[in-house]
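The values are calculated or read from the model by the stated rules, or taken from the named source; none is laboratory data. Only a predicted model underlies this, so the values are computations on that prediction, with no experimental measurement involved. Ideal geometry is used to build each Cβ from the backbone, glycine not excepted, and the neighbour counts take in all protein chains shown. Calculation scope for accessible area: heavy atoms of the full protein, side chains included, ligands and nucleic acids excluded. Shrake-Rupley method; radii C 1.70, N 1.55, O 1.52, S 1.80 Å.
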Amino acid sequence: MNVLVCVKRVPATGGKVTLTPDEQEIDTRYLGFTISPHEECAVEEAVRLTEASGGSSTVLTLGPDAATEQLRDAMALGIERAVLLETDGREWDAGATAEAIVEAVRAERAAGTEFDLLLFGNEAADTGGYQVGIRVAYALDVPCVTGVKELKIENGKATAKREASGGWEIYQVSLPAVVTVKEGINLPRYPSMPGRLKAKKKTIERIVPQWHEAELEKVRLKLPKEQESQVEILGNGPEAAAKAVEVFQRLGIVQP
Amino acid sequence: MILGLIEHDRGKLNDLSLEMLTFGRRLAAQLGVPLEAILVGEVARPLTDRVRAFGVSTVHLARHERLDDYAPGAWAQCVIEVIAATRPQVVMAAGSDRGNEVMAHIAARMNLPLAANCTEVTPGDAYLVTRLRWGGSLLEEARLKGEVKLLTVAPQAIQAEEAVPAGAVAINAFTPALADKDFRARVLGRVEPAAGKVSLAEAKVVVGGGRGVGSADGFKALEELANLLGGAVGCSRAVTSLGWRPHLDQIGQTGTRIAPEIYIACGVSGAIQHMVGAKGSKRILAINTDPEAPIVTKADYAIIGDLNEVVPAISAEITKLRR
Ligand SMILES: Cc1cc2nc3c(=O)[nH]c(=O)nc-3n(C[C@H](O)[C@H](O)[C@H](O)COP(=O)(O)OP(=O)(O)OC[C@H]3O[C@@H](n4cnc5c(N)ncnc54)[C@H](O)[C@@H]3O)c2cc1C
Ligand SMILES: Nc1ncnc2c1ncn2[C@@H]1O[C@H](COP(=O)(O)O)[C@@H](O)[C@H]1O
């Protein structure tokens, strides 16, 4: 089975976010980069599926040259091939991103690789568009299940579970298919040292896709208004426990 | 006209749709156009009156024998038929799993842009929208183009409010032309939720643990405190990544959103992706060794100290009080 997994490079923000002066980006001077947790799980799922059933796994990203870091991270975990759809750093909207991915899938097909399963994150960490996977599915005319937290592949069919109001919904589609996953579908492994070394030596295939004017076009980013709360320090160490219980009583959580 | 897709599960309304209708009604008033809604499936017909109360003048009711359960492609096709027949300026749904999914199907089929999780909309040639990024820890102002504006409304962007006075509602029942392809992905079965357990999303008290808890075993003390308070245990992503707790317990951007009376955050640093999941908490009590930890500045109460000592001490204090 051949699996494609699509990931996006995003800043690994911590306790506080600051924006660049032009309000176009997160200030990343002091930040590292990563991919969405959903996508980390998609990568892990791709590795597990091809380990179990044979076939090949490919990771793809649309992003700047620096995104090769995220491709190598995925290869360090066991993904075999990597494709970079190289951009000049401008932000592509979901429609244009999907189109570029579809072009790349068609090029793979022309070169003899058919993907049975295309894995995406349910939503990208930064833009949260909730749509690239679905757009790709329509363009390739294959079915799509989103928000998947359990996936079984058997006899050319994908059976998928997704959470819904405390329980689960069950879907089944025939392959090839698009599946967008959520964190929790698996527990991703950590890269091994030999895995990292191997990934470093691998070549990354590059395509320069055609830029499309954004139909959903970013004007600027803003920080939401902080509800600055005045913190009341109840004390230090276990001696503060009584104070905490007083608070619980005041809030009606513990009966006085 | 503004068209709102009402979300329901086999006839049970998702209340986020009422926020969406309130949002839609404001926009409709601003544009001087009517607000209409679409209900998918005969099972949803009883919702008509509820929807009317929110100012909807026409309900488009899609009737078809195969619409008894959810199928995103089929739902999208129903909406597209109404769009073709009525030419709305805007089509919207709630920013829920299903709302975002069906709208993305519509966007893909019609080759239109979609703005997910909007909090504000200003009409114009292109609409100026404010939408959530990073699960709500950042906002984006964007221009939404396209002949029909497709968007979803972020949960809690607005409070659901009935229209006064609400007028009469007309029902336009129609039978969509659905193909097998529209049902390629559909709900085939369900696993019902386990009864009895306090769910993290609904718990009145949440005791959360972060990397500072130190081990899977360390969560025993947090469980004890949660039990004493009738609450649920949650955790940070650092904890799930380490395999100490299942992902179902994770609070945050890629986990569960909580809304308790109090969130007791133990050994959690307060990363922005964690805090968006805890934003609904009325109060936060942080227990942390580091007085400079971001969670401390975002909390209402803090205890500076080792959670391994503080948490059992709180439990002991409550037990003492109850004896
Ligand atoms: C796209 C994206 C999505 C993410 N989604 C989520 C999400 O959904 N949920 C989430 O939680 N994270 C999420 N994260 C990860 C997030 O950025 C942080 O890495 C994570 O929340 C940190 O977890 P932590 O606070 O437990 O660990 P740390 O940041 O390591 O903090 C540990 C804290 O424990 C304190 N401590 C240590 N020992 C003790 C002790 N004995 N007693 C008391 N205090 C102690 C320390 O002072 C520190 O403040 C996401 C990240 C990205 C990039
Ligand atoms: N630039 C990109 N490169 C590769 N995959 C992407 C890119 N942007 C989005 N995706 C994929 O599409 C998913 C959903 O993105 P979105 O619809 O933007 O929320 C992500 O989780 C990724 O799997």
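A few remarks follow.
Yes/no per residue for (1) open to solvent by 30 Å² or more (accessible area, probe 1.4 Å); (2) within 14 Å of another protein chain (Cβ to nearest Cβ); (3) at pLDDT 95 or above; (4) under 14 Å from A:Glu39 (Cβ atoms):
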| site | (1), (2), (3), (4) |
| --- | --- |
| A:Asp93 | no, yes, yes, no |
| A:Ala107 | yes, no, yes, no |
| A:Leu119 | no, no, yes, yes |
| A:Ala137 | no, yes, yes, no |
| A:Val142 | no, yes, yes, no |
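- Residues satisfying the stated conditions in region A:1-30, i.e. open to solvent by 30 Å² or more (accessible area, probe 1.4 Å), more than 10 Å from ligand 1 (Cβ to nearest atom) and of a type in the set (A, V, I, L, M, F, W, C): A:Met1, A:Leu19
- Selection of region B:42-75 for residues being under 21 Å from B:Arg87 (Cα atoms), surrounded by fewer than 23 Cβ atoms within 10 Å (Cβ to Cβ) and among the aromatic types (Phe, Trp, Tyr) yields an empty set.
- Test: residue in region B:213-220 that is buried (at least 20 other Cβ atoms within 10 Å of the Cβ), touching a residue at least 12 places away in the same chain (Cβ under 8 Å) and more than 8 Å from chain A (Cβ to nearest Cβ): yes
- Residue count for region B:99-142, restricted to those that are open to solvent by 10 Å² or more (accessible area, probe 1.4 Å), within 19 Å of A:Ala124 (Cα to Cα) and in contact with a Phe, Trp or Tyr (Cβ under 7 Å, 6 or more places away or on another chain): 1
- Top-ranked residue of region B:19-41 - restricted to ones that are open to solvent by less than 10 Å² (accessible area, probe 1.4 Å) and in contact with a Phe, Trp or Tyr (Cβ under 7 Å, 6 or more places away or on another chain), ranked as farthest from B:Asp97 (Cα to Cα): B:Thr22
- Condition broken by A:Lys161, with the remaining ones in (1) buried (at least 24 other Cβ atoms within 10 Å of the Cβ); (2) out of contact with any helix residue (DSSP H, G or I) (no Cβ under 9 Å at 6 or more places or on another chain) satisfied: (1)
- For region A:105-147, residues that are over 21 Å from A:Arg9 (Cα atoms) and either within 16 Å of ligand 1 (Cβ to nearest atom) or basic (Lys, Arg) (or both) total 2.
- Condition met for B:Glu161 (of a type in the set (Asp, Glu) and in contact with a Gly (Cβ under 8 Å, 6 or more places away or on another chain)): no
- Cβ pairs under 6 Å, 6+ apart, first in region B:291-306 and more than 7 Å from chain A (Cβ to nearest Cβ) and under 15 Å from B:Gly209 (Cα atoms), second assigned to a strand (DSSP E or B) and open to solvent by less than 50 Å² (accessible area, probe 1.4 Å): B:Ile295/B:Ala265; B:Ile295/B:Ala286
- Answer from A:Glu183, A:Glu232, A:Glu217 - the residue that is surrounded by 19 or more Cβ atoms within 10 Å (Cβ to Cβ) and facing chain B (nearest Cβ under 7 Å): A:Glu183
- So B:Ala259, is it closer than 17 Å to B:Asp300 by Cβ, open to solvent by 40 Å² or more (accessible area, probe 1.4 Å) and either out of contact with any Pro (no Cβ under 7 Å at 6 or more places or on another chain) or away from ligand 2 (no atom under 16 Å from the Cβ) (or both): yes
- Candidates B:Val148, B:Val129 - the one that is touching an Asp or Glu at 6+ places or on another chain (Cβ under 9 Å), within 13 Å of chain A (Cβ to nearest Cβ), over 21 Å from B:Phe54 (Cα atoms) and modelled with pLDDT of 95 or more: B:Val129
- For region A:159-174, the tally of residues that are within 7 Å of another protein chain (Cβ to nearest Cβ) and in a strand (DSSP E or B) stands at 7.
- Condition met for A:Glu69 (surrounded by fewer than 19 Cβ atoms within 10 Å (Cβ to Cβ), more than 16 Å from ligand 1 (Cβ to nearest atom) and among the acidic types (Asp, Glu)): no
- Failed item, numbered, when A:Ala46 is tested on (1) surrounded by fewer than 24 Cβ atoms within 10 Å (Cβ to Cβ); (2) under 24 Å from B:Thr240 (Cα atoms): (1)
- Looking at region B:98-194, the strands (runs of 3 or more DSSP E) lying wholly inside it that each contain 3 or more residues that are assigned by TED's automatic domain parsing to the domain that holds B:Gln77 sit at B:114-122, B:127-133, B:138-144, B:149-153, B:170-174.
- Scanning region A:80-87 turns up one or more residues that are away from chain B (no Cβ under 14 Å), within 30 Å of B:Glu141 (Cβ to Cβ), part of a loop (DSSP other than H, G, I, E, B) and within 10 Å of ligand 2 (Cβ to nearest atom).
- Filter result for B:Thr240 (more than 21 Å from the chain's Cα centre (by Cα), facing chain A (nearest Cβ under 9 Å) and under 26 Å from A:Ile185 (Cα atoms)): yes
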